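Colleague: I have a structure I would like to understand better, so I am pasting it below and will then ask my questions one at a time.
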Amino acid sequence: TSRTFSQLHSNPERSSFGIAFDIDGVILRGRTPIGGSPQALKRLYSECGTMKIPFLFLTNGGGVPESKRAIELSELLDVNILPLQHLSFMSLMQVVQGHYPFKTLVAGYENKLIVAIGKGEPAEVMSDYGFKKVLSMDEYASYFDNIDPLAQYKIWEAKTTFREDRSLLPRYDVLSERVQAAFIVSDPVDWSRDIQVLCDILTSGGLPGQANRHQPPLYFAADDLEYQAAFPSMRLGMGAFRIALEAIFSEIHPLPLEYTSYGKPNSFVFKNAEAILKQLQQLSCDEHDVLHNGDAVNHSFRTLYMIGDNPSVDIKGAQQARSPWLSILTRTGVFRGEINDPEFPADLVVDDVEEAVDYIFRRES
Ligand code: G3P
Ligand code: MG
């Protein structure tokens, strides 16, 4: 059962706290700000524009490097979201996307051929993390004649820029070099081609057209079945694509599909967010803290708030991560209920992100 508002509403000691905001269904719908998000975020800055409360965006979405997304969000929300900044003693960032944990896999694949799938710039995302030999699915598929029998019926294929000059050789010898792993970076665009070519890669040991039962590793940035975009009802997410791929793979291959999913609700995502917020806390530490509380910059958070719209992703994740995480569920996205989610009840349910921030300020004052 969820804790009641009054139980949560007493926080007698001066607390240090931070906030993680979900994006889709809380801050934005498509590219449109919702729930008073620009006003709510402005309250986290002091009058001179410096960050007062450590906060970040914790989204399962993605498709562009974190720094680029920070710039995009700054424009949409009219606040200054930090792109990745390396200072002498720390790295600061305020956007953590579903694919961010892929960064921890670089050592295993640094110079091995990998394929990156999804909307936006999936290969740029992986290169940004340090992967050296990466091809987007768009580019990879373009090197195999007739690999997608439906390509001629896809009007957008005309816009594809890869291999306009068919005499040019591929950047890598994809006809003899095995793909060592496939990464679903963001929501796949062309499901029929992506499922077809992924099945080719996964059932052939990484070389379409060959026979080899060894399945190369497959990684998903997240496993959201549905999410809130600009359309009024929910849209199918990466988890839906995973189900489709898995169902088909199991029909054409003797062994089950092996894969790993990252993103929320995994606990390591919240642990990582806590570590980043800790660094942001040092940036936002005000003079009062330094003068009156010498160790202020080092003390642990008393509370970290996760504001999300998806009970089985955002709220479940915050619950599993346990203290110091508290969960706040908004009614602007996946959750449409009145009281609370029966399966993953949040610590607090509010109408929108503005109400959530308002509540946090009252509790922490
Ligand atoms: O594709 C994005 C979706 O899976 C969820 O995004 O911001 O609600 O975690 P978000
Ligand atoms: Mg969401």
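Colleague: Per-residue ellipticity at 222 nm for the chain, helices alone: DSSP H runs ≥ 4 residues times -39500 (n - 2.57), over residue total, nearest 500 deg cm²/dmol?
Modeller: One gets -8500 deg cm²/dmol as the mean residue ellipticity at 222 nm.
Colleague: In the structure displayed, which of Lys52/Lys119; Lys42/Lys132; Lys68/Lys316; Lys133/Lys278; Lys133/Lys154; Lys112/Lys316 lie more than 30 Å apart, Cα to Cα?
Modeller: Flagged as over cut-off: Lys52/Lys119; Lys42/Lys132; Lys133/Lys278; Lys112/Lys316.
Colleague: Mean separation of Cα pairs under 8 Å and 6+ residues apart, divided by the residue count of the chain: what relative contact order is that in percent?
Modeller: 22 percent
Colleague: I need the Debye-formula profile for the chain: one equal scatterer per C-alpha, no solvent, reported as log10 I(q)/I(0) at q = 0.14, 0.15 1/Å, two decimals.
Modeller: Normalising to I(0) and taking log10 leaves -1.15, -1.27.
Colleague: Given H placed on each backbone N at 1.01 Å, which residues far from Gly36 in sequence or on other chains put an amide H within less than 5 Å of it?
Modeller: none
Colleague: So, one more: As a footprinting exposure proxy, order Cys199, Cys48 by other Cβ within 10 Å, with the fewest listed first.
Modeller: Going from least to most buried by this count: Cys48, Cys199.
Colleague: Mind ordering 49-55, 30-36 by average Cβ neighbours within 10 Å, highest first?
Modeller: Final packing ranking: 49-55, 30-36.
Colleague: Find, among the GluC sites (Glu not before Pro) in region 58-145, those assigned to loop by DSSP (not H, G, I, E, B) with at most 15 other beta-carbon atoms within 10 angstrom.
Modeller: Glu110
Colleague: If a helix is a whole DSSP H run, which ones in the chain reach 27 Å or further along their own axis (Cα) and hold a mean Kyte-Doolittle hydropathy of at least 0.5?
Modeller: none
Colleague: Okay, next question. Using a cut-off of 12 Å between beta-carbons, work out the net charge of the residues near Val115 (Lys and Arg +1, Asp and Glu -1, Val115 not included).
Modeller: Once positives and negatives cancel, what remains is -2.
Colleague: Quick check: the distance between the Cα centres of region 105-150 and region 27-79, to the nearest angstrom?
Modeller: Centre-to-centre (Cα) distance: 29 Å.
Each reported figure results from applying straightforward, stated rules to the coordinates on display, with no laboratory input. All of these numbers come straight from a predicted model, not from anything done at the bench. Methodologically, a virtual Cβ is constructed for each residue, glycine included, from the backbone with ideal geometry; neighbour enumeration extends over all protein chains shown.
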